[in-house]
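The values are calculated or read from the model by the stated rules, or taken from the named source; none is laboratory data. Everything numeric in this text was worked out from a predicted model, so none of it was measured. Positions of Cβ are backbone-derived with ideal geometry, glycine not excepted, and every protein chain shown enters the neighbour counts. We work out accessible area using only protein heavy atoms, side chains counted, and drop any ligands, DNA or RNA first. Shrake-Rupley method; radii C 1.70, N 1.55, O 1.52, S 1.80 Å.
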There are 2 protein chains.
Amino acid sequence: MKTGDQGLVKKINKSIVLSNIQTQSPISRAQISKVTGLNKATVSSLVSELIEEHLVDEIGAGLSSGGRKPMMLFFNQNAGYTIGIDLGVNYAFGVLTDLKGNVIQQDEVVITDTDEEIVFAQLKDLAQLLIDKTPACPYGLVGIGIGVPGMINNEGVILFAPNMDWHNVHLKQYMEQHFNVPITIENEAKAGAHGEKIYGAGRASSNLIYVSIGIGIGSGIIIEDKLYKGTSGISGEIGHFSIESNGRKCPCGNKGCWELYSSEHALLEKTAPLFPNEKNVNLSFLIQQAEDGNPQVINAFDQIGEYIGIGLTNIVNTFNPEQIIIGNRLARLEPWLRNPIQRVFKQRLLPYFQDSIALTFTDRSKNSCALGSAAFSIEKFFATNKVTVV
Amino acid sequence: MKTGDQGLVKKINKSIVLSNIQTQSPISRAQISKVTGLNKATVSSLVSELIEEHLVDEIGAGLSSGGRKPMMLFFNQNAGYTIGIDLGVNYAFGVLTDLKGNVIQQDEVVITDTDEEIVFAQLKDLAQLLIDKTPACPYGLVGIGIGVPGMINNEGVILFAPNMDWHNVHLKQYMEQHFNVPITIENEAKAGAHGEKIYGAGRASSNLIYVSIGIGIGSGIIIEDKLYKGTSGISGEIGHFSIESNGRKCPCGNKGCWELYSSEHALLEKTAPLFPNEKNVNLSFLIQQAEDGNPQVINAFDQIGEYIGIGLTNIVNTFNPEQIIIGNRLARLEPWLRNPIQRVFKQRLLPYFQDSIALTFTDRSKNSCALGSAAFSIEKFFATNKVTVV
DNA sequence: ATACTTAATTTATTAGTAAAACAAAGTTTT
DNA sequence: AAAACTTTGTTTTACTAATAAATTAAGTAT
């Protein structure tokens, strides 16, 4: 039980002030006071602390609205930097961002061998490369986050990453040994969900499910603005809920798992026979075919979309979320998936859900997994050092 | 954004003190100070307010442990009373409880006609009957809660109760007109989940799913100790997630819904042909048959249990909860359901989930729906009048 | 030039927790 | 049984943070 004291009050209010400056800047002290209801004096005092801590800058006077000009405040997004890495099965994509999530630098390495030690070394080099590009600033690098396609427990241990063939892998320890900053290892879909919630399409939603459809299907669950990790850290394994209770056996033990019908893997399996002479039937190839009007491919996309819709219906019935965001590789298929999904929603969802659900595809120009991973460190930084997150 | 001030601090601490007295009583001021970390003076001051508000009583001196005897404190559970009603399709069961959830009085009425006005009048009479039994006390009746088998929106409107044939029913308004206390209308499974979390088998779990298996299947989702209601208040409709994506059409619009295979309705449908001469094949009859060793009935129970296990597997994969509690009518089948469910878990769940999940059947001697409905009012009472719930 | 407006700081007040001193009521030691 | 110690709970004092009111600063409107 955490008791309350004046320090708590100050943390709360300081956090509110900072978050207002972050999201509404340029903003004056007077405006903050009006918006938050905090007394002008309180705002002034908290702002001056934030300025001393280099988290806020005075950027110059604003326009007068009939009286003294307000001094406009800016969030000093360059007070520190953070690294986020999206670790895939055959790539690792890293970003260096400022405290607002702006990408300062990015880099990608190709992974050809998923051997633990090789990948570890590649991740270390990728991080070092980005660290070397970190501009001089008061707080330096505040943390490194990595999104991994596997199950991560509450201690950050990678319990199982099927497509990497990893079991009980201690990436966190390895990174901590090499870099003296907080390390966050999180499931790729949870990181993606967080990225969408903080910086992406999910900012306005309190309850959203980010459905990561790649080789398999995972998800990140945001409930009341907060990532829900589950009791042991492995919530959201929705790729393995059964939509055919006695369907094909899945390696997970279950039968008829959703991802057997709706993932990139399922799509490739389904379409490969259409191109017996083509060695390299991959997603880009299929998209090209669809764009060229190949009816069989378009039909395959539609069928996958229908199965995706069936699974999403289950999610909506379970969570009653405001929004579902489709992420990862199959988000590229938006033009072909949106219709069948909406069609299934219309057929299968109760009317009460139909009105309240928004379907969004991730903006692939931003990597929400890498950004979300980076954002974890920013929150830890504020929570431990300066202000509480409200 | 709710800012912090000293009032907030006091609310938090007062709530902590009260909750310690509620759960640990008899307890002295000194002990509370030690347990909470609050200063002795702070505890004294907060306790004296609680005593003035009749929420806490000094019950006499305790045993000395080498010095002055401590004055033991008790939560005054009789400071107020609350009513909770479990509204079923053919019954309404009401309890009058004290502020600790002890049942003071209970009553049940039979519902033969689900016509809105008739049921409303029955509920009003049931509540009045319990009110008449309310002992004299400082706060009187602090609220009435009703758990309804249907979808309730955030404003307490019953959008749809299929088995009552209700659409857009304003029970809350009706009760408010007749009783001048806060009225809470909530879905039956959500109320049950809350009851289990506050008073029942789920007290120790932060993340739990209460699965109400009756005519249909609903659920209440507790996430981080809090009931998750969903964006429009209708989360947890897990009876309508599809486990046979192209299975039988369900009235909800979806196909192959879980409850078509796993509910009491499914069980009765499956077993009725076994007893062509029996007019009244109901749950009690089937249980009697199973107890008498009828292999066909036992087999039917096992099959239903398997389907329940398949659905629960989906839930575990999705939520990674600490605990699943089976509630409502089919909880009576625990002796026949536990094995097939555990069997399915063993076959279908990933090992990481197997360790962390506890399966519990509700204690049918307590009605968690009625108790949970009653508890809603207690929380509202403390939140609005005295202390915040922490 | 004077009166109004708005912004931000300074000063005084208030509310709540905490630390220390104290009072109350015991037990243990001699 | 007196003295010394313990534990409980209250009182006194100090401190911190928010707020209200007064003040200073820097404009605009007429």
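Data overview
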| quantity | calculated |
| --- | --- |
| Exclusive hit being more than 14 Å from the chain's Cα centre (by Cα) and either open to solvent by less than 10 Å² (accessible area, probe 1.4 Å) or within 11 Å of chain B (Cβ to nearest Cβ) (or both), set A:Ser219, A:Ser263, A:Ser284 | A:Ser263 |
| Matching residues, the stretch B:1-43, being within 11 Å of DNA strand C (Cβ to nearest atom), open to solvent by less than 70 Å² (accessible area, probe 1.4 Å), more than 11 Å from chain A (Cβ to nearest Cβ) and within 19 Å of B:Ser65 (Cβ to Cβ) | B:Ala30 |
| Candidate set from the stretch B:240-254 (those that are at the interface with another protein chain (Cβ under 8 Å from one of its Cβ atoms) and among the small types (Gly, Ala, Ser)); member that is surrounded by the fewest Cβ atoms within 10 Å (Cβ to Cβ) | B:Gly253 |
| Residues that are touching a Leu at 6+ places or on another chain (Cβ under 6 Å) and farther than 21 Å from B:Tyr139 by Cα, drawn from the stretch B:163-186 | B:Ile185 |
| Tally, over the stretch A:49-62, of residues that are within 9 Å of DNA strand C (Cβ to nearest atom) and open to solvent by 60 Å² or more (accessible area, probe 1.4 Å) | 2 |
| The lone exception for A:Leu96 - which of (1) surrounded by 16 or more Cβ atoms within 10 Å (Cβ to Cβ); (2) more than 17 Å from the chain's Cα centre (by Cα) it fails | (2) |
| Any hit, the stretch B:56-64, residues being within 16 Å of DNA strand D (Cβ to nearest atom) and under 27 Å from the mean Cα position of the chain (by Cα) | yes |
| Among residues of the stretch B:260-287, those that are touching a helix residue (DSSP H, G or I) at 6+ places or on another chain (Cβ under 9 Å) and more than 16 Å from B:Leu330 (Cβ to Cβ), counted | 3 |
| Search result, residues across the stretch A:211-242 that are in a strand (DSSP E or B) and of a type in the set (A, V, I, L, M, F, W, C) | A:Val211, A:Ile213, A:Ile217, A:Ile221, A:Ile222, A:Ile223, A:Leu227 |
| A:Glu155 being over 26 Å from A:Gln22 (Cα atoms), of a type in the set (D, E, K, R) and open to solvent by 30 Å² or more (accessible area, probe 1.4 Å) | yes |
| Which listed residue is more than 10 Å from every other protein chain (Cβ to nearest Cβ) and crowded, with 24+ Cβ neighbours inside 10 Å, from A:Leu312, A:Leu227 | A:Leu312 |
| Condition check for B:Ala79: of a type in the set (A, V, I, L, M) and out of contact with any His (no Cβ under 8 Å at 6 or more places or on another chain) | no |
| Per-region count, the stretch B:73-91, residues touching a residue at least 24 places away in the same chain (Cβ under 8 Å), in a strand (DSSP E or B) and more than 16 Å from DNA strand D (Cβ to nearest atom) | 7 |
| Test: residue in the stretch B:293-309 that is crowded, with 23+ Cβ neighbours inside 10 Å, over 23 Å from B:Lys366 (Cβ atoms), in contact with a Gly (Cβ under 7 Å, 6 or more places away or on another chain) and at pLDDT 95 or above | no |
